[in-house]
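**Q** Have a look at the structure that comes next, please.
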Amino acid sequence: DRRQLVARTRGKSAYFTPGGKREEGESDVEALCRECREELAVTLKADTIRPYGTFEAQAFGKPIGTKVRMTCFTADYEGELKASEES
């Protein structure tokens, strides 16, 4: 349906795509599932996870030239979306 989930940290003006960095030994998909559980309180349905694309942009609030690179996925989930204290 071409919608994207974004979140905003309390006290901040910018919206961000939920996610984070891989922990040592984690795959992209394992990190995705963990971050969605931690930040959004949902469980991704593993058999629905599909690559969407890799994107690079200027990092918000960082010096010009500092880039952020995101590998994005689509997936179905179980549970009710709820922002955690981490978001």
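**Q** Taking the options 25, 19, name whichever one is part of a loop (DSSP other than H, G, I, E, B) and open to solvent by 40 Å² or more (accessible area, probe 1.4 Å).
**A** 25
**Q** On to the next question. Going through 32, 5 one at a time, which residue ends up being aliphatic (A, V, I, L, M), open to solvent by less than 90 Å² (accessible area, probe 1.4 Å), touching a residue at least 12 places away in the same chain (Cβ under 8 Å) and in a loop (DSSP other than H, G, I, E, B)?
**A** The match here is 5.
**Q** Given the condition at pLDDT 90 or above, loosely packed, with under 12 Cβ neighbours inside 10 Å, in contact with a strand residue (DSSP E or B) (Cβ under 9 Å, 6 or more places away or on another chain) and not aliphatic (A, V, I, L, M), answer yes or no: does some residue in region 41-49 qualify?
**A** Yes: one or more hits.
**Q** Then there's this: Look through region 54-70, keep the residues that are assigned to a strand (DSSP E or B) and at pLDDT 90 or above, and return whichever of them is least open to solvent (accessible area, probe 1.4 Å).
**A** That would be 57.
**Q** Tell me which of these residue 73 doesn't satisfy, since it passes every other one: (1) at pLDDT below 95; (2) of a type outside the set (Asp, Glu); (3) open to solvent by 90 Å² or more (accessible area, probe 1.4 Å).
**A** (3)
**Q** Return the pairs, sorted by first residue and then second, in which the second residue is part of a loop (DSSP other than H, G, I, E, B), the first residue lies in region 52-64 and is in contact (Cβ under 8 Å) with a residue 12 or more places away in the chain, the beta carbons are less than 6 Å apart, and the residues are 6+ apart or on different chains.
**A** 60/14
The values are calculated or read from the model by the stated rules, or taken from the named source; none is laboratory data. All figures in this text were calculated on a predicted structure; none of them were measured in a lab. Cβ atoms come from the backbone with ideal geometry, glycine included; neighbour counts cover every protein chain shown. When the accessible area is computed, the model is the full protein with side chains, heavy atoms only, and any ligands, DNA or RNA have been set aside. Shrake-Rupley method; radii C 1.70, N 1.55, O 1.52, S 1.80 Å.
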